[in-house]
Each structure stands twice: as structure tokens, then as C-alpha cells.
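Notes to accompany the following structure.
The values are calculated or read from the model by the stated rules, or taken from the named source; none is laboratory data. Keep in mind that this is a model prediction, so the values were computed, not measured. With ideal geometry, Cβ positions are generated from the backbone for all residues, glycine too; neighbour counts draw on all protein chains shown.
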Ligand code: TRP
């Protein structure tokens, strides 16, 4: 397929917001807090931040290199750079990860959509902790309501994708992401003003490796990939829409930094409340849905803020999903030759049908909740296998590809826009990190989690 008929994001600011729109999402407000709670706080945050900067940014720049250079879907991109070699396996793995992630992501997005709806109905006025726990359980057990919300989420995503991505994404992200940022700051301030909030802050920032363990380290690494949308082709696909004069080094840094700041703010919105209301930090996936309504209860305009919070959460979840499904849509278009609309509809159907395995197993009392594969429900399995294995593995292979197959000069040429940007010395340093340091760190974490290397 020709690559010239692709649209482009219009300015560097639009590129920043669109890429941030992919990175920001349920990872910040749902996954980051509940995993930080589960693995004991500060130590998890530390390993997560190190993973973002020592591994995430080099992987992101490698994907940017591949994407803007080839302007193709992830499989086509590797085929284009090294025809008839096994490297395109990375692209195929990315496709599998895309499906696994979107299968369960649409469920959590559905919970957020339904909480937005409930907050509109005023269901959270003066509600107790126990009632919130019950509401969360009924929301996810289903089976009908989570399936209904999953379908609704897919309908919204499909409509946006059919209307065309770039213009829509640019508009939505540029206006609503800053608003999301402000609201999360307000939420954090409110949460910090609760009694005992210092305990939450201490939990988030005190480094104590005891409850981390090798699975905690692997999970922090996997979360870094999940957060920055790496290891499955989202960033390869998006950077195909970047302008030729975009400073991709800046884009990567700004996105990674902003995204990490939002996660920490989400932590500051949630953990003080966790301690103020006596909730277990390790309560699991329901953490967001139980604490946030409590944070806003009993303050003036609390319900409006809650509606705003869930509305903007719907938006960030949606822009993240668009970046995932777009990978599959472009792939169908370019590989199978189907039209954009057909590609969107076929993928939504696949995601709804197979993804409902996750929907029905998200709660232990759900229809398929007791059905375990490798000791995990489908919901957990899709999440664990993609975040902790496939995404980091895809990322590892991507940096090995760029570090060892694409030579340094090519990398520097593309990321300096043919030396127009005076960033060569930074790029040399990053190339060194991505060739020698990031892969070794990744391999160490993998071996450690398999029990083959102890520290
Ligand atoms: N980064 C998004 C979040 O944190 C989710 C996401 C979008 C994603 N695209 C991805 C995760 C690609 C993995 C791979 O919510």
C-alpha cells in the first residue's frame, strides 16, 4: 500500500498531545495506584521510574525511529527495514499484545464509563465505604452490565476511528488533557487535606524493598511499558503520523515526564484517602473506584468534581484505546486491504467476542471467574501475559533491532532530522544506553523473575 496518503498531525504541540493521549489512560489512575498499593509503595515507584527513564525512553525512541522512517504498520515496518528476515516477528508479537491488552482494557474502561454514568445519576451522594465496595463488585460481576458497557466503549471507539483519527484526536487531546491534569491536581489537593493524609504520602514515597520481590520488579517494568504504550506498535504507528521536523527526542522526554507526573499525582489523589478511610492499600483493582467517590463526598460541589473526574477519565481511557485499536486498523488496511470502516468493525467484533472472556472473569464470582488457566483468570492472564511478558519482550527485541541491526549513524540521522537539530551528543548517549544498558537491565529483570538469577 502506498504510504503517502497517510494523514499527519499538524504541529509539534499536536504531536505531543496526541502521543501523550496514548500514554495517559487507565494505567495512571487505575493500574499504577493499585499495583503500587499491592507491592508496598515507594520501592515500586522507584523501580517504575527507573524503568521509565532507563528503558522506556530508549524503547520509545527506537519505536519513533522505526515508525517515522517507514510510516507503516508494525509488521510492515520491520519487513520494510529488513525484508525477508525474522525481525517481523516483533510486529506479529505486537499484534498479539495489542489484542490481549485491548481485551481487558475495554472492560476497565467500561467500569469507568459506568461510574461516570452513576455519578451523573447522583449514586455516590454520601455513600459509605462498604456500599462502594458492594457497588464495585456488582459493577464488575455482571454478566450483563459489564458486557453492555464494554459494547458501549467499543461503539464510541469505533465511531471515532471511522471518522478518522488525526483531526479528531488532535482536537480532543489538546483541549481535554490539560483539563484532566488540572482536575487530578484538585483531587490530589482534596485528598491531601483529609485527616491522616501524611500516612498516604509516606506510603507512596518511603522506599522499602520488603514487599516488592522479583514479581514486583517485573511488574514495575511491565507497567512502564504499559504506561508509555510501548512494545506493541502503538508508538510505531503514531510516529508514522509525525511531521519530518518534529524533535522526537523532546517529544519522548516530555511525554514520559508528563505521564509519570500524572501517575504520581494519581497516587497523591488516592493513597492519602486510602489511609484516611482505612482502606487496605493492597485492595486491588477496585482501589480507584472506592477511594475517588469518598474523596469527593462531603465537600461543596463534590458531586460535580466527581462527574468531572470520571468524565475526563473516560476521555483519557478512550484516547488510549484509540491508539491501541488504530494499530490493528492500520494493519488490516495495509495487510488485508479492507477499508477503514470494515477494519474498525471487524476488530471491534473480535474484541467484543474474545474479550468477553475477560469481562466474565474479572471478578472471582463472575460467570467465568472460577475458571483458571495457569492459575489465573482470563482477565488476569491477558493482563499478566501482555504487560509482564510480551510488552517487555517486544521492547527488548526492538532495542536490539535498533541497537545492533540499524547502525548508530542511521539512528542519529533520523532523530536529528538529518542533523538539522543540534542534538547529536544526546543521541549518541541515548544510543549507548539503548545498545548496552537497557537490554542488560531488561534481561536481568527477566532472569530474576524466572528465578534464574537472585538478588
Ligand atoms: N498507555 C495507556 C495507559 O496507560 C494504555 C495503552 C495505550 C497501551 N496504548 C498501549 C498499553 C499500547 C500497552 C500498549 O492507559
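Restricting to the stretch 327-372, what's the tally of residues that are part of a loop (DSSP other than H, G, I, E, B) and more than 30 Å from residue 138 (Cα to Cα)?
3
Just checking, how many residues over the stretch 244-262 are within 25 Å of residue 88 (Cα to Cα) and either out of contact with any helix residue (DSSP H, G or I) (no Cβ under 8 Å at 6 or more places or on another chain) or not in a helix (DSSP H, G or I) (or both)?
Count: 1.
Would you mind finding the one in 285, 300 that is out of contact with any helix residue (DSSP H, G or I) (no Cβ under 7 Å at 6 or more places or on another chain) and not in a helix (DSSP H, G or I)?
That would be 300, the only listed residue that is out of contact with any helix residue (DSSP H, G or I) (no Cβ under 7 Å at 6 or more places or on another chain) and not in a helix (DSSP H, G or I).
Considering only residues that are in a helix (DSSP H, G or I) and either at pLDDT 80 or above or farther than 12 Å from residue 21 by Cβ (or both), which ones fall in the stretch 156-170?
Within the stretch 156-170, 156, 157, 158, 159, 160, 161, 162, 163, 167 qualify.
Residues 236, 279: which one is in contact with a helix residue (DSSP H, G or I) (Cβ under 7 Å, 6 or more places away or on another chain), touching a residue at least 12 places away in the same chain (Cβ under 8 Å) and more than 13 Å from the ligand (Cβ to nearest atom)?
279 is the lone residue from the list that is in contact with a helix residue (DSSP H, G or I) (Cβ under 7 Å, 6 or more places away or on another chain), touching a residue at least 12 places away in the same chain (Cβ under 8 Å) and more than 13 Å from the ligand (Cβ to nearest atom).
Please verify whether the stretch 85-95 includes one or more residues that are under 16 Å from the mean Cα position of the chain (by Cα), within 15 Å of the ligand (Cβ to nearest atom) and surrounded by fewer than 24 Cβ atoms within 10 Å (Cβ to Cβ).
Yes: one or more hits.
What single numbered condition from (1) closer than 25 Å to residue 443 by Cβ; (2) in contact (Cβ under 8 Å) with a residue 24 or more places away in the chain fails to hold for residue 99?
For residue 99, the failing item is (1).
If a residue must be surrounded by 24 or more Cβ atoms within 10 Å (Cβ to Cβ) and within 15 Å of the ligand (Cβ to nearest atom), how many such residues does the stretch 242-258 contain?
Of the residues in the stretch 242-258, 2 are surrounded by 24 or more Cβ atoms within 10 Å (Cβ to Cβ) and within 15 Å of the ligand (Cβ to nearest atom).
Which residues, taken from the stretch 373-415, are in contact (Cβ under 8 Å) with a residue 12 or more places away in the chain, part of a loop (DSSP other than H, G, I, E, B) and over 18 Å from residue 78 (Cα atoms)?
377 - this is the single residue of the stretch 373-415 that is in contact (Cβ under 8 Å) with a residue 12 or more places away in the chain, part of a loop (DSSP other than H, G, I, E, B) and over 18 Å from residue 78 (Cα atoms).
Step by step: first the residues of the stretch 341-372, then only those that are within 16 Å of the ligand (Cβ to nearest atom) and in contact (Cβ under 8 Å) with a residue 60 or more places away in the chain, then the one that is surrounded by the most Cβ atoms within 10 Å (Cβ to Cβ). Which residue is that?
So, considering only residues that are within 16 Å of the ligand (Cβ to nearest atom) and in contact (Cβ under 8 Å) with a residue 60 or more places away in the chain, the one surrounded by the most Cβ atoms within 10 Å (Cβ to Cβ) is 358.
Test residue 218 against the stated conditions and say whether it is over 30 Å from residue 135 (Cβ atoms), in contact with a helix residue (DSSP H, G or I) (Cβ under 6 Å, 6 or more places away or on another chain), more than 14 Å from the ligand (Cβ to nearest atom) and assigned to a helix (DSSP H, G or I).
Against the criterion (over 30 Å from residue 135 (Cβ atoms), in contact with a helix residue (DSSP H, G or I) (Cβ under 6 Å, 6 or more places away or on another chain), more than 14 Å from the ligand (Cβ to nearest atom) and assigned to a helix (DSSP H, G or I)), residue 218 qualifies.
If the requirement is being under 28 Å from residue 359 (Cα atoms) and modelled with pLDDT under 95, which of these qualifies: 27, 37, 91?
91
Quickly run through the stretch 182-195 and pick out the residues that are loosely packed, with under 14 Cβ neighbours inside 10 Å and in contact with a helix residue (DSSP H, G or I) (Cβ under 9 Å, 6 or more places away or on another chain).
Within the stretch 182-195, 189, 193, 195 qualify.
Working carefully through the options 322, 292, 270, find the one that is surrounded by 22 or more Cβ atoms within 10 Å (Cβ to Cβ), more than 15 Å from residue 35 (Cα to Cα), within 16 Å of the ligand (Cβ to nearest atom) and under 21 Å from the mean Cα position of the chain (by Cα).
None of the others qualify; the one that does is 322.
Tell me yes or no: at least one residue of the stretch 51-65 is within 17 Å of the chain's Cα centre (by Cα) and surrounded by fewer than 20 Cβ atoms within 10 Å (Cβ to Cβ).
Scanning the stretch 51-65, I find at least one residue that is within 17 Å of the chain's Cα centre (by Cα) and surrounded by fewer than 20 Cβ atoms within 10 Å (Cβ to Cβ), so the answer is yes.
List every residue pair whose Cβ atoms sit under 9 Å apart, with the two residues 6 or more apart in sequence or on different chains, where the first one lies in the stretch 315-340 and is farther than 15 Å from residue 169 by Cα and the second, anywhere, is near the ligand (Cβ under 9 Å from one of its atoms) and in a helix (DSSP H, G or I).
So the pair list comes out as 328/98; 328/102; 331/98.
Per-residue answers, yes or no, for (1) in a loop (DSSP other than H, G, I, E, B); (2) without any contact (Cβ under 8 Å) to a residue 24 or more places away in the chain; (3) closer than 16 Å to residue 19 by Cβ:
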position	(1), (2), (3)
50	no, yes, no
65	no, no, yes
68	no, no, yes
77	no, no, no
88	no, yes, no
